[in-house]
Amino acid sequence: MSIVAPPRHAISWRENLAEFWRDLDNPLVARRVPGTVPIALAAGMIALIAAAVLVPSGWSLAYSDAQSHLTIARRLFDNRSELGLGQLGTVWLPVPHLLLAPFVLSLWAWHTGWGAALLGACCLGVTAAGLYRSAARWGVGRAGRLVTVAALAFNPTMLYLSSTALTEPVLIACMAASLAGLANIATRPRLSSPGEIAIFAGLPAALAVLSRYEGWALAVTGTLFVAVVVWRRTRDLKKTAASSAGFALPPVFAMLWWVAFNWVVFHNPLEFLFGQFSANAQQTDIVASGATTKGDISATLRTLNLAVGASVGWVLLVIAALGLIAVLTVLHRRNRLIFLVVSATSYLFLVVALVTGQAVIWNQAIGASYIWNNRFGMASIIPAALLAGLAVEAVRVLTGTAASRRTTRWVTGLAATFTVLALAGQAGWFLQAPAQRSLVVTEAAESLTRGADSRDAALWLNAHYNGGGILLDETTWSNAVLPEIGIPLREFYLRANDQLFADAVAAPARHVRWVWTSRNASDPVAALTKTAGFRAAYHPAYQNSTIVIYVRNGD
């Protein structure tokens, strides 16, 4: 009598789950960190579940900057003027738009914001994988690694940002990927070659350089980290220089490419620094008004710490503080503390940028009545999550010196469970009143309220547009709703179209049937509508307290 084995599908899910759980605690083999792919997929799935709530509600398009990023990505291939990289502009660094472009090939994905949410889910997956791998490289066991990932995936503000086209998710993903490479360099038995360093740590850093300017600081701190690690291991100046160059060259080439791009496209290699629409030009006006922390280190730290606490979460920061104490007292491992400093590069960069007036954050710490740019603090979730995992690892190490292996597992599991429950409680507290308890969501809520008229006008134009072209200046904040309008960009005459826009402003009746104007004084199209010639050729078809949409007479 033969025995027939049970069907594979009847037991596979249990076996796979058990194998996955065991895999999370398996030793690292060369570059392989067991569990990386499932962790990345799980984090991406959590982001998609959050997006399923946020995208249909309109919250993912609340920030005008998010809609501008979507528009830049779309106009690379949908534009009235020439297509291609020249449409990237110089206001923002290019990688977020280049990564977003494939996700907005669909007009529907661009219009609804789902294109951004899909990219955000990929970014959260990469970030989770990068932090998980970093924790594993530094000897953190299964429980600590999972806490590290939970600190990221259970954060409502991070999930919200992942549903938007804002640049923070891309920056954080690139930084996490680079840190994973740096952790490998510091902990692997043999010395990494300069080529390996360039590929696994330098290239992600180069992407960070072209995502946000915090990435430029990572190029510096990462290079110094590689230099310290290699020098400590070899005491060989030549090898130290070669390894440091291996990390530094990809970011440096990225910087040079950006300078060359500005030179070729805008005829000024420093257009991104000093151009009309540069961040520096914007900050100059704000600094002149006195509404910044420039020159005040105390105000800088208060403002930045509030932005970090209101995005990363105060519970996580307390757990991270315990992790830092553990690193200083229990978890003595060479180069780990320096690595944690590198992981906090964004925070260090923002301290310098805020105190020198190169960046602006507004919140209650300086008595501001308007909330702005607090999302800058979100990148500090990287060191906070790593330290949370190290706090749990310290429990494992301390218990392991005085108890059996089984007891150590139980105690460590309880510590991890308690930590995850605390993080879940923090998330629940945030979700009870997100617009009051997360300053990132507070700004989104303010943007939704302030942009209600623009949103209503966008819906009206989407429903009534029947061809003929539209004149609109998208650089005015109230007009930055092109995705919500949802009409192909080739139908528009935009400021980004340069001469075509100027021609349409000079003679609108010869070029467009529709004219969208804002009552905002900075809108040049609004000034055009006050002329007698315009009023003779156009009449209002829709208007509210912020937006007026004109249509050509006879059309």
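The values are calculated or read from the model by the stated rules, or taken from the named source; none is laboratory data. The shown structure was predicted, so the numbers you read here are calculated from the model rather than taken from an experiment. Ideal geometry is used to build each Cβ from the backbone, glycine not excepted, and the neighbour counts take in all protein chains shown. For the accessible areas, the whole protein counts, side chains as well, though only heavy atoms, and no ligand, DNA or RNA atoms are used. Shrake-Rupley method; radii C 1.70, N 1.55, O 1.52, S 1.80 Å.
Largest first, the residues Arg437, Arg405 sort by 1.4 Å accessible area into Arg405, Arg437. Computed about the Cα centre, the dipole magnitude for region 248-380 is approximately 520 debye when only Lys and Arg (+1) and Asp and Glu (-1) carry charge, each at its Cβ. The overall shape of region 412-451, judged from the alpha-carbon gyration tensor, is prolate: a/c is not under 1.5, and a/b is greater than b/c.
Charged side chains reduced to their Cβ positions (Lys and Arg at +1, Asp and Glu at -1) give region 1-144 a dipole of some 280 debye around its Cα centre. Cross-link partners of Lys530 among lysines, defined as those whose alpha carbon lies under 21 angstrom from its own and excluding same-chain residues fewer than eight positions apart, are absent.
How large, in percent, is the carbon and sulfur part of the accessible surface of region 112-193 at a probe radius of 1.4 Å?
On the way: 1010 of 1450 Å².
Taking all protein chains in place, region 112-193 shows 69 percent carbon and sulfur surface.
Listed by chain and number, the aspartates and glutamates whose C-alpha is less than 14 Å from the C-alpha of Lys294, apart from same-chain residues fewer than 8 away, are Asp285.
Cα gyration tensor of region 224-292, axes a ≥ b ≥ c as square roots of the eigenvalues: rounded (a/c below 1.5), prolate (a/b > b/c) or oblate? Oblate is the answer for region 224-292, as a/c is 1.5 or above yet b/c matches or exceeds a/b. Kirkwood radius for the chain, taken over all pairs of different Cα atoms as the inverse mean of 1/r, rounds to 25.2 Å.
Amide H contacts of Ala541 (H built 1.01 Å from N, in plane; Pro and chain starts excluded): Ile549, Tyr550, Val551 sit under 5 Å, all sequence-distant by 5 or more or on other chains. Screening the chain for whole DSSP H helices of 15 Å or more along their axis (Cα) with average Kyte-Doolittle hydropathy at least 0.0 returns 36-57, 114-137, 142-153, 168-187, 214-234, 237-266, 297-312, 314-329, 345-355, 381-400, 405-432, 439-450.
Positive end of the dipole of the chain, charges at C-beta (+1 Lys, Arg; -1 Asp, Glu), about the Cα centre: which of Gly246, Ile382, Leu191 has its Cα farthest in that direction? Highest projection toward the positive end goes to Leu191.
So if I take the alpha carbon set of region 115-231, get Rg, then get Rh from the Kirkwood formula, what is the Rg over Rh ratio? We get a ratio of 0.99 for region 115-231.
Give me the mean projected area, in nm² to one decimal, of the convex hull enclosing the Cα positions of region 363-446. Show your work: numbers first, answer last.
Details: hull surface 27.3 nm².
Its average projected convex-hull area is 6.8 nm².
Put simply, the convex hull of the Cα atoms in region 497-555 casts, on average, a shadow of 4.0 nm². Accessible surface of region 231-303, 1.4 Å probe: 65 percent of it comes from carbon and sulfur atoms. Dipole of the chain computed with +1 at Lys/Arg Cβ and -1 at Asp/Glu Cβ about the Cα centre; of Ala165, Ala43, Ala109, farthest Cα towards the positive end is Ala43. With unit charges on the beta carbon (Lys/Arg positive, Asp/Glu negative), name the residue among Leu256, Val548, Ala227 whose Cα is farthest towards the positive pole of the charge dipole of the chain. Toward the positive end, the furthest listed residue is Ala227.
Given Cβ point charges of +1 (Lys, Arg) and -1 (Asp, Glu) and nothing else, what value in debye, to the nearest 20, does the dipole of the chain about its Cα centre take? Spell out each step's value before the answer.
Numbers: 41 positive and 27 negative charges, 434 e Å.
Charge dipole of the chain: 2080 debye, to the nearest 20.
Checking the a/c ratio against 1.5 first, then a/b against b/c, what shape does the Cα gyration tensor give for region 253-362? Cα axes put region 253-362 in the oblate bin. Computed over the alpha-carbon atoms, region 141-203 gives an Rg to Rh ratio of 1.08, Rh here being the Kirkwood radius from the mean inverse distance.
DSSP loop chymotrypsin sites (Phe, Trp or Tyr not before Pro) in region 365-434 with at most 16 other Cβ atoms within 10 Å of their Cβ, which ones?
Details: sites: Tyr370, Trp372, Phe376, Trp410, Phe418, Trp429, Phe430; in loops: Tyr370.
For chymotrypsin sites (Phe, Trp or Tyr not before Pro) across region 365-434 that sit outside H, G, I, E and B with at most 16 neighbouring Cβ atoms in 10 Å, the list reads Tyr370.
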